[in-house]
Every structure is written in C-alpha cells, then in structure tokens.
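Take a look at the structure below.
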Amino acid sequence: MNRFLRWSLAGVLLLGVTASFVSAADDIESLEEQAIRAAAERVAPSVLKIETVGGLEKIGSFLVGTGPTTGLVVDSDGYIISSAFNFVQKPASILVTLPNGAKAAAQLVATDHSRMLVLLKVKTDKPLAVPDPAPLADLAVGQWAIALGRTYDGSKPSISAGIISALNRIWGKAIQTDAKISPANYGGPLVDIRGRVLGVLVPLSPQASDEMAGVEWYDSGIGFAIPLEQINAALPRLKKGEDLYPGLLGVSLKGKDIYADAAQVAAVQPNSPAYKAGLKPDDAIVELNGKPIATQAQLRQALAPHYAGETVKLVVARGADKLTKEIELIAKVVPYRTPFLGILPARDPPSKDAPGVVVRTVLSKSPATAAGLKPEDRLTAVNGKPIASRDALVEQLAAAEPGSKVKLDYVRGSEKKQAEITVGTSPDEIPATLPIARAARPAYAGDRPDVGLMHIKIPDAANECTAFVPENYDPEVAYGVVIWLNPPGATVSDETLDRWKKACTEQDLILLMPKPVDPQRWEKTETAVVRKAFDEIQRTFHVDPNRVVAHGQEAGAGMAFLLAFANRDAIRAVAVVDGSLPPGVAPPANEPVFPLAFYSAATSKAIAAAPIMATITQLRADQYPVTVRPIKEGQKYLSDVEFAEFLRWVDSLDRI
C-alpha cells in the first residue's frame, strides 16, 4: 500500500472515530439534560411559591420583601420549610401558592436560628407532596446538585445545575454547592440527579450568624444548603412552635489560632452549663460525643450542629486526669463581664531579669487605686501564679468575676509586696491625662521597611488603600493600628490627615485607609478585603494587638462594626462617629479571649436618635464597655479637643 493510500485510510478512520466521539458526547449531554429535567419534575410538586405582604423593604443595602420566594413541603399536613432570610422583613401576611394554583394564608410556626430556617403552616384540603430526602451517607463531593426555586413562572420551577463542592461546611451544618444560588431560590431544594432532596438552600457565612449573613455571596459559585435529613430530625420541635437556637457550653478558650490551638478553657461563664458541670480554667476539652478534639476548630465543628436543649458528652483533661461530663446546652449565657484592675501597663520591652508587668499608671477610682498600687510597681503573680507579660496577666484574670478578690504579688523598688484587690468591671470613662507609654529611644539605625504615606497592595482586590507609618518608625516598638473607614463619597481632608500624622508619630500608631470599590457605598464583602490590607500591615510592621481599632463615620461606621465582628482575633475596639449597628446585625457575645471596647461620638440629637441609642443600649446590655461622647452640631469630624480625648481612649485600650 503506497504512502498516499495509507494516509487516506488513516484519515477516514480518524474521521470515523471523531464522529463517534462527537455522537457519544451529544448523547451524554442529552441524557444529562433529560436526567436534570426528570429530577426537577420529580420534586416540583413539593416546591411552592411564597409571597409576603408588608414589612420592611430594605435591610442594610439589600432589598427584601419585594418579590416572591420559595418553600419546600416537609409534611403532607401543610408544613413548609423556607429560608429565614425570606422573612427578615417581618411581613404582615404570608401567602403560599398551592400545587392546584390556589393561594392560602400561612402562619410562621417557628424559626431555626442555628440553620436560619423557618417553618410555615398552611391549611389544605388535600395532602401536599413530600419529597424523598437523600441520605447524608450517600452524599459525595462532585455529584450533581440541582437548585430549584419557584419565584418566576408559577407552572415550572427555576433550575440551576452544579455539583456538591464540599460537605460539612459552616461548622458541620451545611452542604456547599457551586450551583447558582440567590434570593430567587432561597428556601428551595437542592436536589440530586435522582430527584431526591439533598437540602434546603439558605444564605450562610462561616464568620457571621446574623439574619443577613451570606446573602452577599449570591450567584458567586458558593452556595449552601441545610441537609433535609437534619431538618427532618428537628421537625418535631419546630412543629410544636419551639424556636431553635445554637447550643452553647459557656466557655472561652485560650489562644488565637483556632486551627492550631488546643481547646483549652480560659474562662467559664457564671451559671453556664460548663460552670454547673464543674469545668475549670486550664481544662482541655479532648472529646465530644466520642469525637476526638485536638483543636478549637474541631470543637466548634463538633459542637455547632447541636441545638440548645440537647445533651453532649464531653471528656476533659485536667492535669493527668480525664473527666467525663454530660452537659445540656443552652441558648444564651449570662453576658461575660470583663474583669478590671485599673492599671495601664508600660509598653517597654520586658526585662529577662525582671519578669512581670510594670505599671505605667493607675487609673483613678479603680480597684488598683483602692489597693494602693502605684506607677512603676512590677506585678509578678496573681493568686500565687507567676506572670511574665501583660497577656499572661489578662489570662490569669479571665476567670475572675467582678466582685471577687484576687491576690497580687508585686515589687516596688527592691521591696516585695502583696495586695488583695476586689475585681471591678471595665469602665466607660476616658482618662483626663496619661503619662508616656514607654521610655524614649534613640533613632533606629538598622534596616526597616518603607515609611510615610504609602500605597498598600491588597491581594486579589480592586480596592485602593493607603497607609501612614510614622517617619520615626522603630521595628522594636509595637504600634497600634487605626483602620479609618471613611463615609462613602468622602475623602480624608488634608487637615485631618495632618492631624493623624502628628498623632501617629507621637503615639506609636499606624493609620490604614482602605476605600470601597464603589465610591458611593461599602459592601459587606469588603470586610474581607480590609482584613487583607490589615494583614499586609501586620506582616510588614510591628503591630500591638491590643490597640487595633476599626474607626468609621456614618456609613463607614456600619462597616467598622461588621469588620470588628468578623475579625475578633484582630480587632480590639470599634470607634464610630454618627453611626450605629447595621440593621439585622447583632453584636457577638463578649468574651475574655477576644475583648472589644466601643466609642460612640455623635451630636446630642443623633445620640438620642433611635438607631444610635439602640446600638449603645444593646452593647451595654451585652456587658461591653461603651464610651459615649457628644460632639458639636455641624462638624464633619472631631474637633481638636475631641480628637485629643479620642486618642487618649485609643491609648488606654491595653488597660487591665
């Protein structure tokens, strides 16, 4: 056979093989489409359209209550599950379109505040179709996941196809999918290729738990569904009208890295389940319901799926002993009150030959004043336990209840002394004057990063960000960080920036100034971008973790709250001017490991306004220290006198 004939035959064979591949691919695609349609049609009778009437139209920057939503039948007697987001506007009435096209009024029976679901009930003459659940044991990453909604054409559900991209997300409570999820199908089912319901679609976030958490991720390729098997397990309690809440132990844990640090108790909340079970500071939780616990993240993953009212079995290590405790979880613990002695520590590097905490100043009318402590005293032990640093002192005090007494060992000059102090609570007052925080140092002569006004590159973000680092920056000194969140559409004036430059130079501060992508608005998702900018500062410069402040004005104030609540490991204070908590956002529980202090400045009229007053009231009810300062009418920012006082507040954030 000559070369030409061989080439011709090979070409014919190749074309034939290619054609068969194309035909096979077409057949597979056609079969996939048929299977997706069949799966959707199987579940469609259980997917109902829900309309709400009345209530709020806007929560923060999100429009709600302006269109239909979706629900899934979970009981033939007329019980329907949906996303709690669909009812955040607190509608006056709820209408459900039944499979026969008739509309029926629905009542909200109960809310699952852990998984952000609601249970509705409608009266119906005919039993409603209940879908088959996909067993959790059958779920696997990579399998088909079909998201359904009933908000557009009433005759057919909307369909969005993808895969299961992760399991046990949101601390063990959710399935993750890359199918497009949005308010159009919140409350609808996520279905497998066989037409079984994997779960119910809800917006969720691993960092936040408020009513709006996760909504900003819609159509992003990151969506979540609560497994229907879990919903069915909780259904009897919901049918009784019982609202469900996340189950709490009532402990705070030591350490700041939840993925590396052990689940070791720092403090036990008074009258909490852990307190009643006899847990103590320094206990390490090593097992929960038979699951080994090595890190804080593993504890959270094991505990988060449980509701208040459920009982869990803990194994804790106390020294060489292991103790087993059965603990009934509760929905809310008594808010933690931060113990307070009334001292500011000096910020000079600790001496190896003289460990402990040197007193910078003793705050007036404080427990430390009553006990006779003085500046330059060096605290060495609490209740007989040695302390080597400020953080060690705070850790030792974490479990002390206000009103209780602690014994402090300290050194004054060359004399060893001891004092008994009645622990107080962190005050709202700002010191009238403060001495210098550290001894003067010669100009740093070694290598150091660039300083002055600079551009900060935020990885994978379009946001612009600048920072000011004092020209006299010394890498051996720890610097506080003020994250300034300007009102959208506004810029920092030269006068204000010059004032900040002076303050940063004199008080060892770094000013970080991120901007929103849209000049007219901050987006909730930009909290992650701001965190990246802060991380860049922290990688490059020596940051004092006890003086990191999220500082915002007007709309930037809402961003400051969101930033702090989502980054408890990094932010230590929130300072707002003419601002309040965003609607639907509640403060997290106060705790010793990640304390927060708040500063609220506004005109007298603004302070009396409902949102700002409600914010102050809520924070104080949660036992946070809140400093409130009236400012003059018509000011764009703080006056020189008000600014100086504000800087003293920042300077005193490391108080103990």
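Quick one: which residues, 5+ away or cross-chain, put their amide H under 5 Å from the amide H of V543? H built at 1.01 Å from N.
Y479
Probe of 1.4 angstrom, ligands and nucleic acids ignored: what's the accessible area per residue over the chain, in square angstrom?
Spelled out: the 1.4 Å probe surface of the chain, per residue, equals 46 Å².
If I model a spin label at K352 and A304 as a point 7 Å from the Cα along the Cα→Cβ vector, what separation in nanometres do I get?
4.3
Listed here are the pairs K280/K332; K365/K502; K322/K417; K121/K156; K322/K352; K365/K416; which of them are more than 29 Å apart at the Cα?
Table pairs above 29 Å Cα-Cα are K365/K502; K322/K417; K322/K352.
Taking the Cα-to-Cβ direction at E523 and at K502 and moving 7 Å from each Cα, how far apart do the two end points lie in nm?
3.9
Of [x] 293; [y] 232; [z] 143, which is the value of volume of the Cα convex hull per residue in Å³ derived from the coordinates here?
It is the value labelled [y].
Suppose R0 equals 51 Å; then what is the FRET efficiency for S639 and R448 from their Cβ-Cβ distance, rounded to the nearest 0.05?
Once rounded, the FRET efficiency stands at 0.90.
At R0 = 22 Å, how high is the FRET efficiency between L95 and K126 if r is their beta carbon distance? Nearest 0.05 is fine.
The pair L95/K126 has a calculated efficiency of 0.80.
Once the other residues with Cβ under 13 Å from the Cβ of L139 are scored (Lys, Arg +1; Asp, Glu -1), what is the net sum?
Net of charged neighbours comes to 0.
So the label point goes 7 Å from the Cα of R237 along Cα→C-beta, right? Which residues of the range 157-175 then have their backbone N under 19 Å from it?
Inside the label zone: 170-175.
Calculated FRET efficiency, A609 and E29, Cβ-Cβ r, R0 56 Å, to nearest 0.05?
0.45
Roughly how many nanometres apart are two label points built 7 Å out from the Cα toward the Cβ at T422 and R539?
Inter-label distance under the simple model: 5.1 nm.
Where a Cα-Cα gap under 17 Å defines reach, which aspartates and glutamates qualify for K103, not counting those fewer than 8 residues away within the same chain?
Excluding near neighbours in sequence, the set is E51, D77, D125, D153.
Run the helix sum for the chain: -39,500 (n - 2.57) per DSSP H stretch of 4+ residues, divided by residue count, reported at 222 nm to the nearest 500 deg cm²/dmol.
-7000 deg cm²/dmol
For helix 610-621, what angle does its Cα long axis make with the longest principal axis of the chain, in degrees from 0 to 90 and rounded to 10?
70
Using a 1.4 Å probe on the protein chains only, how many percent of the accessible area of the chain belongs to carbon and sulfur?
Answer for the chain: carbon and sulfur cover 54 percent of the accessible area.
The values are calculated or read from the model by the stated rules, or taken from the named source; none is laboratory data. It should be emphasised that the depicted structure is a prediction, and the values quoted were computed from it without experimental measurement. When we count neighbours, we look across all protein chains shown, and the Cβ atoms used for this are built from the backbone with ideal geometry, even at glycine. Quick note on the areas: whole protein, heavy atoms, side chains included, nothing else; ligands and nucleic acids left out. Shrake-Rupley method; radii C 1.70, N 1.55, O 1.52, S 1.80 Å.
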